[in-house]
Amino acid sequence: MEVILSTLINGLSLGGIYAMIALGYTMVYGIAKMLNFAHGDIIMVGGYVIYVSMALGNPLLAILFAVVFCVLLGMTIEKIAYKPLRGASPLAVLITAIGVSYLLQSLAQIIFGSASKMVTVYEFGMVQFLGVNVQVSALVTLGITVVVMIALTLFVKCTRLGRAMIAVSEDKGAAQLMGINVNGIITVTFAIGSALAALAGLFYLLKAPSISNTLGAMPGIKAFTAAVIGGIGSIPGAMLGGILLGVVECISYKITAIAPYTDAIEFSILIIILLVRPTGFLGKKRREKV
Amino acid sequence: MALLEVNNLEVYYGVIRALKGISFSVNAGEIVTLIGANGAGKTTTMQSVVGLIPKRGGSVVFDGKDITQSPCHKIVHLGMTQVPEGRRIFQELTVYENLLMGAYSMKDSSGFKADLEAVYTRFPRLAERKSQIAGTLSGGEQQMLAMGRAIMSHPKLLMLDEPSMGLSPLLVDQVFEIIRDINRDGTTILLVEQNAGKSLAISDRAYVLENGSIVLTGTGAELAASEMVQKAYLGG
Ligand SMILES: Nc1ncnc2c1ncn2[C@@H]1O[C@H](COP(=O)(O)OP(=O)(O)OP(=O)(O)O)[C@@H](O)[C@H]1O
Ligand SMILES: [Mg+2]
């Protein structure tokens, strides 16, 4: 019983992180219709910004810096690398995104070297929760991700900007006819996605206090998987997919205790789900516009 | 001075010259119609004027401002909007939310309630179905929604691209009725139609577009009486 509960809490917490990242993938896909493969590497950049700014000794300030830096970076990448390719073939955009991903990883390696760095953002320790011992950091992660997901859902549903995002994701041309500045909305989307990625960077450092230039690679792929499972383009889908994947990962790790098996199980689930439901759980079939 | 002045407008799709330098104008208060066969370039004209597709040559002046290079959203903020071909309502949003999107460009939201009521009065069907997901509306209702959404922004110029497409004869009559009403309330109209008879009947002036060029122009009545229009577009 205790094992089940602690596995579940860890799974939900990990799933929250995946959901954070998956939201970035799915929102950018929904609105700019592109797969931003460099998204995972923003996590790593966020981690390094925290690592550097921890020199100031204030974790909250370090987190703030990471979020701001990643937001600016995300918007800059969009402006320099992706915006000129609007209207180009999806393959060209994808290859550019992969290029940006390697660029970020290589820059980090040049600046910080290839050895992992240790960063302790905050020592949370353990706590008794519902009768089991759990990492406080897992609960903090879970708490923050839930709050962020609720806030994001309300933002998209209830604000003018959020509705404009829905409109753009559905029909760019019609959205422009409403007077919506589509380029502006795309920029905002990259900003939000990057802020969430920076938070994900924080959560990884809370889980395991070390960082290297490939920190974002595997989480990026996993979260992308989560976004696809949930139905790429769907915000609730990314949340569901992320949490599902996190829970599955923790359960299969508990059973096999071997990480590569865990990954194999996760990606097999992706394949099975896509065979049964090609659009993911909450994805819609897109009617092609004439 | 004309509200909309289009001069020598040229549009290309790749190497294909879809508009070969067309000129036309719409005066404030008028209903002006473009008629033409399938593929003549009507939608291309409408979309390039509103800034959705780029212009290769020529100029467009709206309400005294040169908007040739302006992006679509800026043009909309100047008071031009369009009910596009195929309606393109936001399928995943409710009727109410679509109307809310229609008012997106309004700087001042204080008039929103009254505007909404005005749309619901003009289109009682929309009032009955305000919380319905727009994608589940019937074709006729979707057309009403597209028109309601467009007038939420109080456009000076409302452009409609084949509003009668796919509607039953009864609804077609209703749509033309509504267009005339909207015009009477002070909105200038630029209409694109395949239904030449009905559209010429409500038009002050009209242009005939063929293969990317304007080949004929006149008042609605003149064109309806012209032999060429009768042969090609009125089945006479
Ligand atoms: N995206 C595009 N790419 C290439 N050619 C296009 C594109 N859109 C339109 N065309 C071509 O440009 C010409 C004009 O098309 P347009 O849609 O403006 O015609 P239309 O008069 O609106 O026709 P319809 O009555 O069928 O709506 C056609 O020959 C069409 O094939
Ligand atoms: Mg057309």
Discussion item. Scan region B:37-53 and tell me whether some residue there is in a strand (DSSP E or B) and surrounded by fewer than 18 Cβ atoms within 10 Å (Cβ to Cβ).
Written reply: no
Worksheet, complete the sentence: Among residues of region B:99-117 being in contact with a Gly (Cβ under 8 Å, 6 or more places away or on another chain) and assigned to a helix (DSSP H, G or I), the residue farthest from the other protein chains (Cβ to nearest Cβ) is B:99
Practice prompt. Answer yes or no: is there a residue in region A:179-198 that is surrounded by 17 or more Cβ atoms within 10 Å (Cβ to Cβ), modelled with pLDDT of 95 or more and over 30 Å from residue B:97 (Cβ atoms).
Written response: yes
Worksheet entry | All positions within region A:132-168 that are within 9 Å of chain B (Cβ to nearest Cβ) and crowded, with 16+ Cβ neighbours inside 10 Å | A:163, A:164, A:166, A:167
Fill in: Pair list, Cβ < 9 Å and 6+ apart or interchain, from region B:35-60 residues that are basic (Lys, Arg) to residues that are more than 12 Å from ligand 2 (Cβ to nearest atom) and part of a loop (DSSP other than H, G, I, E, B)
B:55/B:68; B:55/B:69
Fill in: Residues satisfying the stated conditions in region A:169-178, i.e. within 25 Å of residue A:80 (Cβ to Cβ) and either within 7 Å of another protein chain (Cβ to nearest Cβ) or not in a helix (DSSP H, G or I) (or both)
A:176
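Condition check ((1) within 14 Å of chain A (Cβ to nearest Cβ); (2) crowded, with 22+ Cβ neighbours inside 10 Å; (3) within 16 Å of residue B:33 (Cα to Cα); (4) away from ligand 2 (no atom under 16 Å from the Cβ)) across all residues:
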position	(1), (2), (3), (4)
B:151	yes, yes, no, yes
B:159	yes, yes, yes, no
B:167	no, no, no, no
B:174	no, no, no, yes
B:189	no, yes, yes, yes
B:211	no, no, no, no
B:227	no, no, no, yes
Worksheet, complete the sentence: The number of residues in region B:56-96 that are more than 11 Å from chain A (Cβ to nearest Cβ) and touching a Phe, Trp or Tyr at 6+ places or on another chain (Cβ under 7 Å) is 1
Worksheet item: Counting just the residues of region B:12-24 that are farther than 20 Å from residue B:80 by Cα and either β-branched (Val, Ile, Thr) or touching a helix residue (DSSP H, G or I) at 6+ places or on another chain (Cβ under 9 Å) (or both), which one comes out farthest from ligand 2 (Cβ to nearest atom)?
Response: B:15
Worksheet, complete the sentence: Within region B:28-45, residues more than 8 Å from ligand 1 (Cβ to nearest atom) and not small (Gly, Ala, Ser) come out as B:30, B:31, B:32, B:33, B:34, B:35
Fill in: All positions within region A:179-216 that are within 8 Å of chain B (Cβ to nearest Cβ), touching a residue at least 12 places away in the same chain (Cβ under 8 Å) and not in a helix (DSSP H, G or I)
A:180
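The values are calculated or read from the model by the stated rules, or taken from the named source; none is laboratory data. Only a predicted model underlies this, so the values are computations on that prediction, with no experimental measurement involved. Ideal geometry is used to build each Cβ from the backbone, glycine not excepted, and the neighbour counts take in all protein chains shown.
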